[in-house]
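Q: Here it is: the structure, laid out below.
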Amino acid sequence: MKVLIETSVLVSGSICWEYKIRNASKYLVHKFFSKCNALFEIFKQYSEQKKVIITKTVENEARNALKKAVINTMKERNIRSLRGRYKEMVLQHLVLNDSLDRLDYYVEECSIRLPIDISKRDEIRDTEIEPFMKKKVKQTIRYIQPRRVPRKVVTDWGLREEIKDIMLNSLPEKGVIYKGMPGERDLTIMAEATLLSREDPDEDSFYVASCDNHFKPNPVQIGSYFSENVIYTGELDSTIRDALVEEFGFISEAPNVIVQIFQESIQT
Amino acid sequence: MLRYSDEFNKIETLFSGFIDTKKIDESKLQYLDSIIKRSNTDQLHILNNAYLSLDEQTTIFGALRNISQTTLLMKERLISASKIGENPTTAEIAFDLIPFIQNVSIYIDDFFDNKEIYNLEKLEMFSRNLYKKAKKLGFSKDISSQIQEEGLSEPQISGFIEKFSENVINELELGEEIGTENESIN
């Protein structure tokens, strides 16, 4: 088992800020921190098996994402006074360096780096992954468009709920749920995963740990996530993820699922 | 005009003397004050420089802050070591840090000489190396102390952090994924 770390996992696992103010401890933890950090820490216990891989692409992207987030934060807050801007600069310096410390820890102490043939990777991205994904996403939808039963048509609340349930139960026939065409950054990581999994055909399974729905199975939702009335059915649509497994050999999963699979594998 | 690299060459000689004589001369440590003061003033000058982009300001400010904080901690730790008559292990450690400061100083001097930064990425890299090395060797203050010293208020910190979290999510395009998560933010 090998696990390639995707940018979202490396960044999310780097944001855990602890500080004291007036003797009270305060924490800032990224929403995905606990499961991303758990993946690194659990695999670190078995570091001699060299299972976790962070590529240079992912490391650079993660650093850039943190830096850009800090710059954009200062731009948006737009503090005018010199004293205020000084304090803001000190704050960003502390936050950024603390996040980078954790990122460096994952890169230096919890993972390995394998050589990547850049020209081969780019060739796989441009001639295999991108055309494959372009074809696939034509058959997908981002979410199921809710077809509300208008109140004036069905006035009874119970009946409207019953119709809604019928709609939910018929979801699998309504289309494949997927986030949409991945950007170049994601396509490059997919190409790196393909290249590394092909170079190690003896490896029983090659995973990509990601919090991004471009990689992992997508939750089935009714309505846009921007909508207050969005409904998650609790199901996961893994159609595109499975197609990627079949075509390119890497299995993308959420970090907590990979940890579970790993723990089960060492128990057996 | 004070040049950081020249000053740290002199400090290197000073520390070398402490190591050779196995004695830290506390009176000579006042020499570090001019650098601490200058680097603190320069941090404000950088923020007032309208010709620099925010990205450049951030990097140069960070580099100057690393110089000032490391030098301040050097002075404090060397004074403590002198008071207990320590065989100058602290001076040896501080001496080892000088090349890391020098790597940053060269770029800062170049910026003040030519009013433009030669290689921002390199400065960022050397500044980060200095930060890490100083932290590892115990020449940096913890986050809570720095927050207290700079008088950062709770609303300012939480406001910054909330915006930062939002921007990280935007950078990674994870808005949709966050919506489906049940984990709560602390």
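The values are calculated or read from the model by the stated rules, or taken from the named source; none is laboratory data. Please read all numbers here as calculations on a predicted model, not as lab measurements. Counting neighbours? That spans all protein chains shown, and the Cβs are built from the backbone with ideal geometry, glycine included.
Q: Out of all the residues in segment B:123-168, which are in contact with a helix residue (DSSP H, G or I) (Cβ under 6 Å, 6 or more places away or on another chain) and among the aliphatic types (A, V, I, L, M)?
A: B:Leu123, B:Leu130, B:Ala134, B:Leu137, B:Ile143, B:Leu152, B:Val168
Q: Determine which member of the set A:Ser8, A:Ser14, A:Ser47 is of a type in the set (Gly, Ala, Ser), touching a Cys at 6+ places or on another chain (Cβ under 8 Å), crowded, with 22+ Cβ neighbours inside 10 Å and on the phi < 0 side of the Ramachandran plot.
A: Details: A:Ser14 fails: touching a Cys at 6+ places or on another chain (Cβ under 8 Å); A:Ser47 fails: crowded, with 22+ Cβ neighbours inside 10 Å.
None of the others qualify; the one that does is A:Ser8.
Q: Here is a further query. Which one is farthest from A:Phe32 (Cα to Cα), of the residues in segment B:114-171 that are more than 17 Å from the chain's Cα centre (by Cα) and away from chain A (no Cβ under 11 Å)?
A: The selected residue is B:Asn114.
Q: Of the residues A:Glu41, A:Glu76, which is within 21 Å of A:Ile266 (Cα to Cα) and loosely packed, with under 15 Cβ neighbours inside 10 Å? Before the answer, list the steps.
A: Numbers: A:Glu76 fails: within 21 Å of A:Ile266 (Cα to Cα).
Answer to the check: A:Glu41.
Q: Moving to a separate point now. Does A:Val208 meet the test of being assigned to a strand (DSSP E or B) and surrounded by 23 or more Cβ atoms within 10 Å (Cβ to Cβ)?
A: yes
Q: Hey, another quick one. Looking only at helices (runs of 4 or more DSSP H) that fall completely inside segment B:101-178, which ones have 2 or more residues that are on the phi < 0 side of the Ramachandran plot, surrounded by fewer than 20 Cβ atoms within 10 Å (Cβ to Cβ) and hydrophobic (A, V, I, L, M, F, W, C)? Give the derivation first.
A: On the way: elements: B:120-136, B:143-150, B:154-172.
Hits in segment B:101-178: B:120-136.
Q: When you scan segment A:147-161, do you find a residue that is within 14 Å of chain B (Cβ to nearest Cβ), assigned to a helix (DSSP H, G or I) and not basic (Lys, Arg), even just one?
A: Quick first cut of segment A:147-161, residues within 14 Å of chain B (Cβ to nearest Cβ) only: none.
Looking through segment A:147-161, none of the residues is within 14 Å of chain B (Cβ to nearest Cβ), assigned to a helix (DSSP H, G or I) and not basic (Lys, Arg).
Q: Being more than 18 Å from the chain's Cα centre (by Cα), touching a residue at least 40 places away in the same chain (Cβ under 8 Å) and under 19 Å from B:Ser68 (Cβ atoms) is the filter here; which residues of segment B:21-35 pass it?
A: The one that is more than 18 Å from the chain's Cα centre (by Cα), touching a residue at least 40 places away in the same chain (Cβ under 8 Å) and under 19 Å from B:Ser68 (Cβ atoms): B:Leu29.
Q: Then there is this: Among the candidates A:Leu103, A:Leu96, A:Leu10, single out the residue that is more than 7 Å from chain B (Cβ to nearest Cβ), closer than 23 Å to A:Leu195 by Cα and either without any contact (Cβ under 8 Å) to a residue 24 or more places away in the chain or not polar (S, T, N, Q) (or both).
A: Details: A:Leu103 fails: closer than 23 Å to A:Leu195 by Cα; A:Leu96 fails: closer than 23 Å to A:Leu195 by Cα.
Selected residue: A:Leu10, the only one of A:Leu103, A:Leu96, A:Leu10 that is more than 7 Å from chain B (Cβ to nearest Cβ), closer than 23 Å to A:Leu195 by Cα and either without any contact (Cβ under 8 Å) to a residue 24 or more places away in the chain or not polar (S, T, N, Q) (or both).
Q: Of all residues in segment A:169-195, which are touching a Ser or Thr at 6+ places or on another chain (Cβ under 9 Å) and either at pLDDT below 95 or in a loop (DSSP other than H, G, I, E, B) (or both)? If you could, list the steps in order and put the result at the bottom.
A: Narrowing segment A:169-195 to residues touching a Ser or Thr at 6+ places or on another chain (Cβ under 9 Å): A:171, A:175-180, A:185-186, A:188-190, A:192-193.
Matches in segment A:169-195: A:Leu171, A:Gly175, A:Val176, A:Ile177, A:Tyr178, A:Lys179, A:Gly180, A:Arg185.
Q: Just to check your reading of the model, which residue among A:Val58, A:Val90 is part of a helix (DSSP H, G or I) and either without any contact (Cβ under 8 Å) to a residue 24 or more places away in the chain or within 7 Å of chain B (Cβ to nearest Cβ) (or both)? Quick ask: steps written out before the conclusion?
A: On the way: A:Val58 fails: either without any contact (Cβ under 8 Å) to a residue 24 or more places away in the chain or within 7 Å of chain B (Cβ to nearest Cβ) (or both).
Of the residues listed, the single one that is part of a helix (DSSP H, G or I) and either without any contact (Cβ under 8 Å) to a residue 24 or more places away in the chain or within 7 Å of chain B (Cβ to nearest Cβ) (or both) is A:Val90.
Q: Of everything in segment A:125-146, what is outside any helix (DSSP H, G or I) and at pLDDT 80 or above? Give them in sequence order.
A: Pass one, segment A:125-146, residues outside any helix (DSSP H, G or I): A:138-146.
Of everything in segment A:125-146, those that are outside any helix (DSSP H, G or I) and at pLDDT 80 or above turn out to be A:Lys138, A:Gln139, A:Thr140, A:Ile141.
Q: Those residues that are assigned to a helix (DSSP H, G or I) and loosely packed, with under 13 Cβ neighbours inside 10 Å, I need them from segment B:1-24; list them, please.
A: At the first step, the residues of segment B:1-24 found to be assigned to a helix (DSSP H, G or I) are B:4-21.
Once the filter is applied, which keeps residues that are assigned to a helix (DSSP H, G or I) and loosely packed, with under 13 Cβ neighbours inside 10 Å, segment B:1-24 yields B:Asp6, B:Lys10, B:Thr13, B:Asp20, B:Thr21.
Q: Taking A:Ala243 as the residue in question, decide whether it is under 29 Å from B:Asn170 (Cβ atoms), more than 14 Å from chain B (Cβ to nearest Cβ) and in contact (Cβ under 8 Å) with a residue 60 or more places away in the chain. Even if it seems obvious, please write down each step before you answer.
A: Values: under 29 Å from B:Asn170 (Cβ atoms): yes; more than 14 Å from chain B (Cβ to nearest Cβ): yes; in contact (Cβ under 8 Å) with a residue 60 or more places away in the chain: yes.
The answer is yes for A:Ala243.
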